[in-house]
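Reading through the structure tokens given below for one structure.
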Amino acid sequence: MDWHTILIISHIVGTVLGVGGATFAEIFYLKAIKDGEIDPTEGSFLKTTYFILRTGLVLLVLSGFSMLALKVSQGASGYLYNPILWAKLTITIIIATNALLLQAHAIPSWLGFSLSLTSWYAAMILGLWRSLDASYVAIMLFYIVWVLAVGFILERIRVWYIGNSRHTRV
Amino acid sequence: MTTFLIAHIVIGLIGVMASYAVLMGLLKKRLSLAFLKTAGFAAFLAYITSWVTGGYYYVLRYGPVVKPIIKDGGSPWAHAFFMEAKEHIFLFMPVLAFVLWVLFVAAGARIEKDARFKSAIIALASLVTALGIYVALSGVVISGAH
Amino acid sequence: MTRRFLNQAMVLWGAIIAVLWISLSTIFGELLQPFKDFLAVTFTHHWIGKSIITVAIVFLFFCAAWMFRRTDMQTIPRGLVWLLFWVSLCGVIAIIIFFALHAF
């Protein structure tokens, strides 16, 4: 197995852990706050999920930059100016910064969770969509719109789910 | 020579991730001093290693071979701005990482108790992390121009 | 034997001076060719010269911090940490602006 294959596998595993982690972080959080508080067991599940998410991010970043280094060493450095690559790099920085802001409680939770979920899926889609031909600005504008849309959808789901469970309990 | 470049990139990135871990560790409600000391030292060690490997590549390969190609190519600003700024801004990082590690070792108890002192440490850790990200992205721009 | 603690303020001052050296030597190295040439001739490359002097400053101040260890736990002013932060940030911004003007 050559280095390129090893790095591709690592990159995919990182993406899987990150996308899966972000998805289940949202699901577990929703289930945890259903009764208005996060008990120790729920907290433990969330902590484990965030750990998996961060492991995915580390794997993604290390393998991603290693692949770029490999391309440079093989003389294929033209790819480094690809707008889709730069969109992925920007979104990866947003994922990392968002995690810090959420940890510091310096971002509204609806925006933080939306940024996390949308960013991971966006990074995955940009990595898989080989035939995409779009500028950096177009991709980022689309991304911003989706962050807001997903934020709205998640908020509606939260209101419905929590309101529904309280209604059922009564 | 490519080995030095790849080592510079990968180890430098490990340093940036260690700095990020330090920052994340500082933002937790309950600090783990052992974690901060370990991550802080890892960041410092990684930056020193990246400094040496990068410097070796810079002096022996980039300067005589790569720089003229970039300067005569379609993106001369990749060297004139990005590389010139990067090679000097990078020097800040091991210094700041060293200070953070020393403070975790020597003043760790105070960081836990004094919120305002902790804020100053968080600002320093944020700066190191931000510089690391800037330097890494600059590296992508420079490599792409070659 | 009384326990002695590393002089933290010395370490911070060493870092502040090192950061000032990096910023000033970078900008004046580009403005004053003889200074850049001196570094290149003395250390084989101007960047190596800046690196070695940076390490030397931090190392010397660390040695001083060890030699002048304190018997008290110390409460270094947090202003000193903030000073290091602001000097570093201003140095980075100055370098970026300088090379942006130089290149574009």
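Among the residues making up region B:1-17, those that are open to solvent by 10 Å² or more (accessible area, probe 1.4 Å) and more than 10 Å from every other protein chain (Cβ to nearest Cβ) are B:PHE4, B:ILE11. Yes or no: C:SER23 in contact with a Leu (Cβ under 8 Å, 6 or more places away or on another chain), of a type in the set (Ser, Thr, Tyr) and in contact (Cβ under 8 Å) with a residue 60 or more places away in the chain? In short, no.
The residues of region C:6-34 that are facing another protein chain (nearest Cβ under 10 Å), more than 9 Å from the chain's Cα centre (by Cα) and under 21 Å from C:VAL92 (Cβ atoms), listed by number, are C:VAL11, C:LEU12, C:SER25, C:THR26, C:ILE27, C:GLY29, C:GLU30. Looking only at residues of region A:54-84 that are within 21 Å of A:SER116 (Cβ to Cβ), open to solvent by less than 20 Å² (accessible area, probe 1.4 Å) and not polar (S, T, N, Q), we find that the one that is nearest to the other protein chains (Cβ to nearest Cβ) is A:GLY64.
For A:PRO108, indicate whether it is closer than 22 Å to A:VAL145 by Cβ and either more than 9 Å from chain B (Cβ to nearest Cβ) or of a type in the set (A, V, I, L, M, F, W, C) (or both). So A:PRO108 passes the test. Among the residues of region B:94-115, the ones that are within 9 Å of another protein chain (Cβ to nearest Cβ), closer than 15 Å to B:LEU31 by Cα and surrounded by 22 or more Cβ atoms within 10 Å (Cβ to Cβ) come to 1 in all.
Go through region C:74-96 and count every residue that is over 10 Å from C:GLN8 (Cβ atoms) and over 14 Å from the mean Cα position of the chain (by Cα). The number of residues fulfilling the criteria is 8. Counting the residues of region B:77-93 that are at the interface with another protein chain (Cβ under 8 Å from one of its Cβ atoms) and either of a type in the set (Ser, Thr, Tyr) or open to solvent by less than 60 Å² (accessible area, probe 1.4 Å) (or both) gives 9. Could you please give the count of residues in region C:67-91 that are surrounded by 14 or more Cβ atoms within 10 Å (Cβ to Cβ), touching a residue at least 40 places away in the same chain (Cβ under 8 Å) and in a helix (DSSP H, G or I)? Summing the residues that are surrounded by 14 or more Cβ atoms within 10 Å (Cβ to Cβ), touching a residue at least 40 places away in the same chain (Cβ under 8 Å) and in a helix (DSSP H, G or I) in region C:67-91 gives 7.
Against the conditions (1) of a type in the set (D, E, K, R); (2) more than 21 Å from the chain's Cα centre (by Cα); (3) part of a helix (DSSP H, G or I), where does A:ARG54 fall short? Just the number, please. It fails just one condition, (2). The criterion of being open to solvent by less than 50 Å² (accessible area, probe 1.4 Å) and at negative phi does not hold for A:ALA106.
Listed here are the residues, each with its yes/no results for (1) away from chain B (no Cβ under 11 Å); (2) part of a helix (DSSP H, G or I); (3) open to solvent by 80 Å² or more (accessible area, probe 1.4 Å); (4) under 30 Å from B:ALA106 (Cβ atoms).
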residue	(1), (2), (3), (4)
C:LYS36	yes, yes, no, no
C:ILE48	no, yes, no, no
C:THR54	no, yes, no, yes
C:PHE59	no, yes, yes, yes
C:ALA65	no, yes, no, yes
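Just so you know, in region B:38-53 the residues that are open to solvent by less than 50 Å² (accessible area, probe 1.4 Å) and more than 14 Å from chain C (Cβ to nearest Cβ) include one that is nearest to B:HIS8 (Cα to Cα), and it is B:ALA46. Give me the residue from region B:116-130 that is open to solvent by less than 10 Å² (accessible area, probe 1.4 Å) and more than 9 Å from chain A (Cβ to nearest Cβ) and, out of that set, nearest to A:SER66 (Cα to Cα). Within region B:116-130, the match that is nearest to A:SER66 (Cα to Cα) is B:VAL128.
The values are calculated or read from the model by the stated rules, or taken from the named source; none is laboratory data. Note that this is a predicted model, so its numbers are computed, not measured. With ideal geometry, Cβ positions are generated from the backbone for all residues, glycine too; neighbour counts draw on all protein chains shown. In case anyone asks, the SASA skips ligands and DNA or RNA and just uses the protein heavy atoms, side chains included. Shrake-Rupley method; radii C 1.70, N 1.55, O 1.52, S 1.80 Å.
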